[in-house]
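Q: Got a structure here, written out as structure tokens. Questions coming.
Quick note: the coordinates plus some simple rules give every number you see, no bench work behind them. Small disclaimer: the values here were computed from a predicted structure and weren't measured. No Cβ is skipped: glycine too gets one built from the backbone with ideal geometry, and neighbour counts run over all protein chains shown.
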Amino acid sequence: MSKSTAFPLWRPGMAKMLPGFFIFLALFVVPALIVLAYSVMTRGDYGGVIWQLDFDAYARVFGLPNEAEMRDWDFVYIGIFAKSAGIALLTALLALVMGYPVAWYIARQNDKKKFLLLFLVTLPFFANALVRVYAWMLILRSDGLINNLLLSLGVIAQPLSLLYTPGAVVVAMLYQYLPFMVLPLFASIEKLDIRLMEASQDLGAGRGRTFVKVILPLTKPGIAAGLVLVFVPSFGNFLAPTLIGGGKDLQVGPLMAQAFVAARDWPFGSAVAMVLSTLVLLCLLLMARIERTAQGSQQ
């Protein structure tokens, strides 16, 4: 009996996938299972967990009451998730509005200029994320670059309170994750067949109609990928809400940090992490479905 007959699921070349599979298992699946196990355990008095099954951490996240803990209905953590999702969605939409023209311009250049512009787009990643956030703190503070410029031009009489605001958090995250929008958009736009746009205009459609009816549907996979790639890290971002936002409006990233470090409530922090991971997984599945739908419509 041959190997292919004995093991019908085995395919040539699958052995090459085993190292990647075990790395994925060790670095993602096992840690995720540990966090899941911690999330359904009882909180220890001095940190850590007691190995006794308890779903109260999830009850706290979703605001459910608990008579033993003298806790009534409380949706404060749902509000934190909603606020974080709103800020992340705003960041993703602004990145789309700013990144689409940039990606279009880059895709229409010759190869030499194209790769130079792509290098410039990814250049901020050569600096540490913490350094980039601190740079925005220097720019936005009361004696920073923006306020000094506006004061010198006579536009304002007193420095503006730009730092420690939700708008400043959005600006910092937009700067951090804008390349995640430009790159997938560039990949989709570069594949566009110029003849389709020319045919649309020859048939009487203007530039606006051609963009809405031809270009946008064909670049939908890049748009979906960019939105997810910006939304997901913005949703759980820790640096920008903590440093730029000053911790005034608690978001999911700082909430997890407080649960693990300050409160030493590992089950609750793990429950928050699992809820966030589930939402991220749903976003990825939605992106995959949009891409399949777009590919099916193109065929």
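Q: Hey, if you put +1 on the Cβ of every Lys and Arg and -1 on every Asp and Glu Cβ in the range 77-298, which of Leu151, Ser161, Leu203 ends up farthest toward the positive end of that dipole?
A: About the Cα centre, the residue reaching furthest to the positive side is Leu203.
Q: Below 8 Å, C-alpha to C-alpha, sequence gap of six or more: please give me the relative contact order for the range 124-193 in percent.
A: Reported as a whole number, the value is 26 percent.
Q: Here's a follow-up. For a Förster distance of 41 Å, can you work out the FRET efficiency between the beta-carbons of Leu53 and Arg289, rounded to the nearest 0.05?
A: 0.75
Q: Given the rule -39500 (n - 2.57) for each run of at least 4 DSSP H residues, summed and divided by the residues of the chain, what is its mean residue ellipticity at 222 nm, to the nearest 500 deg cm²/dmol?
A: Here the helix-only value at 222 nm equals -19500 deg cm²/dmol.
Q: So, with +1 on the Cβ of K and R and -1 on the Cβ of D and E, and no other charges, what is the size of the charge dipole of the range 77-298 about its Cα centre, to the nearest 20 debye?
A: 300
Q: Calculate, in nm to one decimal, what Asp74 and Phe125 gain on full extension: separation in residues at 0.36 nm each, minus their alpha carbon distance.
A: Using 0.36 nm per residue and subtracting the Cα-Cα distance, I get 14.4 nm.
Q: In percent, what relative contact order does the chain have, based on Cα pairs under 8 Å that are 6 or more apart in sequence?
A: The value is 25 percent.
Q: So which helices of the chain fit the span-like rule, where a helix is a whole DSSP H run, its Cα atoms reach 20 Å or more along the axis, and its mean Kyte-Doolittle is at least 0.5?
A: Going by DSSP H runs, the hits are 76-107, 166-190, 220-235, 266-298.
Q: Next up: Is the C-alpha gyration tensor of the range 211-264 telling us rounded, prolate or oblate? Criteria: a/c under 1.5 is rounded; beyond that, a/b larger than b/c is prolate, otherwise oblate.
A: Prolate shape, in that a/c is at least 1.5 and a/b is the bigger ratio.
Q: Moving on. Please list 263-272, 135-144, 197-206, 79-88 highest first by mean number of surrounding beta-carbon atoms within 10 Å per residue.
A: Ranked by mean Cβ neighbours within 10 Å, highest first: 263-272, 79-88, 135-144, 197-206.
Q: What is the packing order of peptides 122-134, 165-177, taking the mean over residues of other C-beta atoms within 10 Å and listing the highest first?
A: 165-177, 122-134
Q: Using Cα positions and a limit of under 23 Å, work out the lysines in reach of Lys83, with same-chain residues fewer than 8 apart set aside.
A: Lys248
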